[in-house]
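The values are calculated or read from the model by the stated rules, or taken from the named source; none is laboratory data. Everything quoted here is computed from the prediction, not taken from an experiment. Neighbour counts run over all protein chains shown; Cβ positions are idealised from the backbone, glycine included.
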Amino acid sequence: MTGPHIALPRQITLFLVIGAAQLALDTAVYIGLTAAGLPVVWGNLAGRVAGACLGFWLNGRYTFADPQGKSRVQRRNMVRFVIAWLLMTAFTGLLLDWVADTFSLQGSWLAKPLVELATAGISFVVWRQWVYR
């Protein structure tokens, strides 16, 4: 028996595993670039691009593949992904910039994984219901 109810636990598990890899890459790029002097917003953008490239392919190929296992890494999915990703990136970038201005650059390094984790639930719903449909 297949269907959205059966697939959901598997999708959540894969999304979390892939998300952890994305988060590690994203955060490492962010910290490395901002430590080298790149402004917070641009460091966040670079980190999120690195993580997005990894996540788009892995999630489309495995997490949200169709019921027969066929990849959903197609142009239509990429266009939707880019739109949603840009909105999420703008939000996280502004939030991290505020943290850096209010507290410190090092404070934004600590906040980066927390911000990304806090937005993961929103991302899952958007990816599952819109991007990879």
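Remarks
- Among the residues listed as 27, 34, 89, 13, the single one being touching a Pro at 6+ places or on another chain (Cβ under 6 Å) and part of a helix (DSSP H, G or I): 27
- So residue 47, is it assigned to a helix (DSSP H, G or I), in contact with a Lys or Arg (Cβ under 7 Å, 6 or more places away or on another chain) and in contact (Cβ under 8 Å) with a residue 60 or more places away in the chain: no
- Conditions (1) under 17 Å from residue 20 (Cα atoms); (2) modelled with pLDDT of 90 or more; (3) out of contact with any Ser or Thr (no Cβ under 8 Å at 6 or more places or on another chain): number failed by residue 98: (1)
- Annotation: of all residues in segment 24-44 being closer than 15 Å to residue 117 by Cβ and free of Cβ contacts under 8 Å to residues at least 60 places away in the same chain, the one that is surrounded by the fewest Cβ atoms within 10 Å (Cβ to Cβ) is 24.
- Total residues in segment 102-118, condition among the polar types (S, T, N, Q), assigned to a helix (DSSP H, G or I) and either surrounded by fewer than 16 Cβ atoms within 10 Å (Cβ to Cβ) or touching an Asp or Glu at 6+ places or on another chain (Cβ under 7 Å) (or both): 2
- The residues on offer are 130, 109, 85, and the sole one that is within 26 Å of residue 61 (Cα to Cα), among the aromatic types (Phe, Trp, Tyr) and over 14 Å from the mean Cα position of the chain (by Cα) is 130.
Residue-by-condition table, conditions (1) touching a Leu at 6+ places or on another chain (Cβ under 8 Å); (2) of a type in the set (Val, Ile, Thr); (3) more than 24 Å from residue 31 (Cβ to Cβ):
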residue	(1), (2), (3)
75	no, no, yes
80	no, no, yes
83	no, yes, yes
111	yes, no, no
119	no, yes, no
129	no, no, yes
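- Hey, residue 41 assigned to a helix (DSSP H, G or I) and under 23 Å from residue 105 (Cα atoms) or not: yes
- Verdict on residue 126 being under 24 Å from residue 7 (Cβ atoms), among the β-branched types (Val, Ile, Thr), at pLDDT 95 or above and part of a helix (DSSP H, G or I): yes
- Once segment 55-86 is narrowed to residues that are in a loop (DSSP other than H, G, I, E, B) and among the basic types (Lys, Arg), the residue that is surrounded by the most Cβ atoms within 10 Å (Cβ to Cβ) is 72.
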